[in-house]
């Protein structure tokens, strides 16, 4: 079958790979209808992958149709329309059974994979089909009311945003800052309002991204001294909650400074810093609560599916570009060159 | 000054009463701009008052301007634009200081009054002016972004609805039933969505009320066998949460039957039943959580003011009829005769 | 094999029944070491069973050793020492996977059984062995630090008590009332303290039960006008939380009257009343929160096992009488005749 | 009157100062029965005070008797036995009214003082008497069941420990690490158990402190590679919650490394680091929740008083040394020289 494979920095190709096959009696094979290119795929594309492998299929966001199921799979059948959460559970331990796959009791075990498309250990889904392990915990049925593009965003970006907003413990009536307005940040704006935020301050240096946030009801904060601007907009207090969706040192520092006394800061941007300079002294007098993590998409999906089916979240609106699988490498270029107006690029295999 | 006073069943008059005066150094006098007629005022009008007094001024919903303050009042000044929460705190105990005036440690003390306009003990606010005890806990400043009519609804109806929704522990993604679509029920629909409800099923026998709920995003449930209809709309499960805003036996029973297994039912409709026939057997196998109460408006107001100021709640939209003080008795007639199209009647003293 | 079977009111016999056998590839067979007689078994014994069957094996509390496992069972092996939660999950739906088997999405399906020993549909565990369906969700490993008798209490009585205390939302520093001091009530006393209760008022007419509660740190309340006594002990306020562990009308009414304004009442005593006379009027002005239900033992067990292993709960201390299987019918007599000093009767098959 | 005043590094003297006097109609004067020397007093003693003042009275932990009250004080009378929370509220804003004085809306205002004994702005309580501003929010009645020494610990050390444990969101059944076993750490051990911890791992290099923790039920962790030892004691997982009560870089780092995936770390040790090297990369894959702050004693006291009155917390047990006011400077020496066996030093003015 055809798939996007990585061969070196900036070298993603559409090539022939072996057909996706059932891993065992608990797995399934899904024919891919839509696959998404995620910000973390750009790390791989940029030469900063998460393994030393080469030639593997990339991608961890996909929706499609079940075409084969193992004989011990109980919740899915051939023909089911499914979304494939980016996070992968072991299906054995009690926490994975609840969908909290990121707190798997078998983390660290060699056979425990976290994500598709990071190495040959679990081939990616930017392909005609993908093999899914432990289907009962790693597939989710797409309800009739949810379209493919919305479902695609629910595999990773929307659950990450929702988890970030949830860990910021947004309560009805809160004022919230969202730092960074890529797909995750924009979905964090939607999530904050869905959780009852009265106001959302949306920070990003790029004008078209701020405009999107404004169209969702947010108040724009430009990059020039955002800390001061946030204070001005909040009577000098800062906001009740902050969601950070970039992962850079300066954006995490901004997030911390944007919180009011007793406020909550939640980071979902990916940080690789082994010694982030944390201002403990001011954090202490300001009673900071700080959380950082990577979501278990499965755990967030019940609420997200209900809200998307009801039209109260609109993740599909983020899709700005569609390409076919052969054009996939061009999608990586679009994103890595930050072409104006690009938010979410989708590979359409339908 | 002029005021609406009660003299017997269906006998409310606009009469002369003594001017409102400072009760003591902790009190204030507020010149009333708007006063609302509440469902519980209709109990009094119907001859089922909460005391044996007669001739007292009625009404417990009002907004206006502070015209006099006691010398120990610290948070308000003459000229402040304020709303007067229907619930009254003692200002002395720790729970009242937090706004939870309904859990006052001095409940049951003779000098402890709960509400305006129920007897001569605390004269009502359907008048030119009203005396407010313990102003620091019994007045709330109206923010610039909140209009008088919205603020008026925030004195009682909206906090009651919000408290009901909050006690139903509505979580983002939930499906919610609201039983009864008077002002409190319609505000419960708004509250449920503001708390993240994906769907709200709105039950009322009156078409124009259901239409209002539909315009807020709810799904209408007509009165003919609503229990079955709610099951049909929820795959046979019932809803995650239910808010009851009527208080009659049959509507409380409907609310209980509308909850899914493990669901939460919250009653804010006023019930006088001393022996409501509660189905313990089914409640037990269905793991019911049931709450009933009367709100402390003060406690609910910070979130409500923030959401109203941001335009995310629209309580003012419920006002359908405006009258001046002299026309007040006619407002009681409008409501008690259930004239079609009446939702909220307001007495405008501006 | 030998088992206790029910043949009519007061007619439980130790008889020969077919050997327990694997139900299917997902099931297991457990050789029973200890089985308990529960209060609800006495309903069956008294002629008020939950089905029209006769001749079936009774009992739903057991611990033992896995002697056979289906080929699709992933978490258990022959030889494992297990406790068998009284509540039974379908293992298919998402809620059962989390241990919340009482909110199973397949409730009401004919093939969905809730409990052992209520009919021939799922034979009981007062026997030499018992067949367990869906072993991965319906068995729990006994940690080394937990003895058999403690584990036996953890199959039903302790999770019921814990669930009741949890639903009463006991917070550190609370004063709690427990109504009824059978095994569940006494374990509710332990649970309340383990959750941080400062004080527990323990109500029961039987002196030796109150003495047990006192030995756990509780304050005894005798049956003669307990409502007044509870007020006296709480400055007239009532308690923050109440756990009811009887299920009779008068004890539920007492529980409701024992709560302070804003207090929480949680009923785990089994009530069959289809029209319990609920005082809505006082409940409303007192802002009552009321919950009733039957626990999912699986869901409660992680905390209970940790606390029992650490010696912070002592469920084994409730066992007062031990009999062998042949003597089982005598155990029913002991309990039904309320012999002084009897708390928990255990059938020892070791 | 006599008081302990600071005149330079290691120069604390018992001197004559002006008598404590009513600050205004909202204040009170308290005759001090017991005063405590806190770890932060040692910062001042060591020359690292929080202001440039000199000659001011030190100390912020005290209990005593009200000897004078302003005419606007409503909740206290001369003769009342009170504890004086270390944290000071403005009594004006809504958050201070709730006891959350550390989130005061007037923080940063020049007239807003946080604590006694840091400068001349608010003289300390290691004296014969102390002036208390805004008595209604800054005094707390000592219940009959709570002795003076316990009450003294409740002014600062115990609320700090409790707040730390609360922000670590300790749930019943949790395993908890406490890093640092001074008065706050030892009270965090007690707090964790009171909140339902199954196990507490107690880390400190000093043997007699670990022994005290063990006597409270904790498991000792010696200083030599505590991180590895904590993993060994928790099947390699780390603990559910961690309370840090030192404030040094290495102990904060240890606290972070001691948490399980998804665990919560709460720091109450005072940190002055403006660039603590935070390991964001591992924090992210381990889904860390981190909080740091200084408590509002008033807010924590209701639960603490109830538990202490019931004998479920025993803060008085930490007092190891008692001195009179003239001997106060010797108390500072005892603590700063870390004399073996010293935990809490109390100045007894009775």
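When the residues of the stretch D:290-322 are filtered to those that are more than 14 Å from every other protein chain (Cβ to nearest Cβ) and surrounded by fewer than 17 Cβ atoms within 10 Å (Cβ to Cβ), the one that is farthest from residue C:198 (Cα to Cα) is D:322. Considering the conditions (1) more than 8 Å from every other protein chain (Cβ to nearest Cβ); (2) under 26 Å from residue D:294 (Cβ atoms), residue A:232 is excluded by exactly one of them, (2). Residue C:179 meets the stated requirement of being touching a helix residue (DSSP H, G or I) at 6+ places or on another chain (Cβ under 6 Å) and either over 28 Å from residue C:304 (Cα atoms) or in contact (Cβ under 8 Å) with a residue 60 or more places away in the chain (or both). Evaluation of residue A:191 against the conditions (1) touching a strand residue (DSSP E or B) at 6+ places or on another chain (Cβ under 7 Å); (2) surrounded by 23 or more Cβ atoms within 10 Å (Cβ to Cβ); (3) touching a residue at least 60 places away in the same chain (Cβ under 8 Å) shows that the sole unmet condition is (1). Of the residues making up the stretch B:264-282, none is within 14 Å of chain A (Cβ to nearest Cβ) and crowded, with 20+ Cβ neighbours inside 10 Å.
Only a single item in (1) farther than 30 Å from residue D:81 by Cβ; (2) modelled with pLDDT of 95 or more is not met by residue D:224, and it is number (2).
Only one entry of B:251, B:239 meets the criterion of being more than 22 Å from residue A:310 (Cα to Cα) and touching a strand residue (DSSP E or B) at 6+ places or on another chain (Cβ under 6 Å), and that entry is B:251.
Within the stretch D:228-271, the residues that satisfy the criterion of being more than 22 Å from residue A:102 (Cα to Cα) and touching a helix residue (DSSP H, G or I) at 6+ places or on another chain (Cβ under 8 Å) are D:243, D:244, D:245, D:246, D:252, D:254, D:267, D:268, D:269, D:270, D:271. I'd like the full set of residues that are closer than 25 Å to residue A:262 by Cβ, more than 14 Å from the chain's Cα centre (by Cα) and not in a loop (DSSP other than H, G, I, E, B), limited to the stretch A:191-212. Result: A:192, A:193, A:194, A:199, A:200, A:201, A:202, A:203. Within the stretch A:1-16, being under 15 Å from residue A:347 (Cβ atoms) and in contact (Cβ under 8 Å) with a residue 40 or more places away in the chain holds for A:1, A:2, A:3, A:4, A:5, A:6, A:12, A:13, A:14. All told, residue D:184 falls short of being at pLDDT 95 or above and either within 13 Å of chain C (Cβ to nearest Cβ) or outside any helix (DSSP H, G or I) (or both).
Okay, residues lined up against (1) without any contact (Cβ under 8 Å) to a residue 12 or more places away in the chain; (2) buried (at least 22 other Cβ atoms within 10 Å of the Cβ):
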residue: C:41; (1), (2): no, yes
residue: C:49; (1), (2): no, no
residue: C:57; (1), (2): no, yes
residue: C:72; (1), (2): no, no
residue: C:75; (1), (2): no, no
residue: C:84; (1), (2): no, yes
residue: C:89; (1), (2): no, yes
residue: C:107; (1), (2): yes, no
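The requirement of being over 15 Å from the mean Cα position of the chain (by Cα) and either more than 12 Å from chain C (Cβ to nearest Cβ) or in contact (Cβ under 8 Å) with a residue 12 or more places away in the chain (or both) is satisfied by residue A:79.
Does the stretch A:39-51 contain any residue that is touching a strand residue (DSSP E or B) at 6+ places or on another chain (Cβ under 8 Å) and on the phi > 0 side of the Ramachandran plot? Reasoning before the result, please.
Narrowing the stretch A:39-51 to residues touching a strand residue (DSSP E or B) at 6+ places or on another chain (Cβ under 8 Å): A:44-45, A:47, A:49-51.
Retained after the next criterion (residues that are on the phi > 0 side of the Ramachandran plot): A:47.
Yes: one or more hits.
Restricting the first member to the stretch B:289-310 and to residues that are without any contact (Cβ under 8 Å) to a residue 12 or more places away in the chain and on the phi > 0 side of the Ramachandran plot, and the second to residues that are part of a strand (DSSP E or B) and crowded, with 23+ Cβ neighbours inside 10 Å, no beta-carbon pair is closer than 8 Å while six or more apart or on different chains. What do you reckon, is residue A:338 modelled with pLDDT under 95 and in contact with a strand residue (DSSP E or B) (Cβ under 6 Å, 6 or more places away or on another chain)? So residue A:338 does not fit the description; no.
Output the number of residues of the stretch B:143-153 satisfying the condition of being within 17 Å of residue B:87 (Cα to Cα) and more than 8 Å from the chain's Cα centre (by Cα).
Of the residues in the stretch B:143-153, the ones within 17 Å of residue B:87 (Cα to Cα) are B:151-153.
In the following step, the residues that additionally are more than 8 Å from the chain's Cα centre (by Cα) were identified as B:151-152.
Total meeting the criteria: 2.
Scanning the stretch B:83-112 for residues that are within 17 Å of the chain's Cα centre (by Cα) and under 24 Å from residue D:72 (Cβ atoms), we see that the one that is farthest from the other protein chains (Cβ to nearest Cβ) is B:84.
Is there a residue being free of Cβ contacts under 8 Å to residues at least 12 places away in the same chain and either crowded, with 17+ Cβ neighbours inside 10 Å or more than 14 Å from chain C (Cβ to nearest Cβ) (or both) anywhere in the stretch D:241-249? Let's see the steps before the verdict.
Initial filter on the stretch D:241-249 (free of Cβ contacts under 8 Å to residues at least 12 places away in the same chain): none.
Checking the stretch D:241-249: not a single residue is free of Cβ contacts under 8 Å to residues at least 12 places away in the same chain and either crowded, with 17+ Cβ neighbours inside 10 Å or more than 14 Å from chain C (Cβ to nearest Cβ) (or both).
Number of residues in the stretch D:147-171 that are buried (at least 24 other Cβ atoms within 10 Å of the Cβ), away from chain A (no Cβ under 14 Å) and more than 15 Å from residue D:346 (Cβ to Cβ): the value is 4.
The values are calculated or read from the model by the stated rules, or taken from the named source; none is laboratory data. Keep in mind the model is a prediction, meaning the values are calculated, not measured. Using ideal geometry, Cβ is built from the backbone for each residue, glycine included, and neighbour counts are taken over all protein chains shown.
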